[in-house]
Amino acid sequence: MANPKRRHSPSWRDKRRAHWRKLETPNLSICPQCKEPKLPHRVCGNCGYYNGIEVIKIRVKKEKGKEKGKEVKPAKEGA
């Protein structure tokens, strides 16, 4: 099995390991239905549409405290 003839310096080693840090941000496109950013060629996670067709149904989460007609009471100040 082949072995290196000379030892590599730490800078040589670090140059070899440095490429993984060059991660790029993904390209985003705008959803034509809801105008939210999404990955291209994928179903929009916000509205569930792809190419003008509803592919998945998105359930709307209820706000905490507003379910069944209840209202959130504000906290008392100065107490």
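On a straight-distance basis, which lysines could pair with Lys76 in a cross-link, Cα separation under 26 angstrom, same-chain partners fewer than 8 positions away excluded? Output for Lys76: Lys62, Lys64, Lys66, Lys68.
Note on Arg13 and Arg42: their simple-model spin labels are 3.7 nm apart, each label 7 Å out from Cα toward Cβ.
In order along the stretch 52-61, the phi-based Karplus estimate (6.51 cos²θ - 1.76 cosθ + 1.60, θ = phi - 60°) of 3J(HN,Hα) comes to x, 10, 6, 9, 10, 8, 9, 7, 8, 7 Hz; Gly and Pro are listed as x.
None of the figures in this text is laboratory data; all of them are computed from the coordinates on show. Model, not experiment: these values are computed from the prediction. Note that each Cβ is placed from the backbone with ideal geometry, even for glycine, and that neighbours are counted across all protein chains shown.
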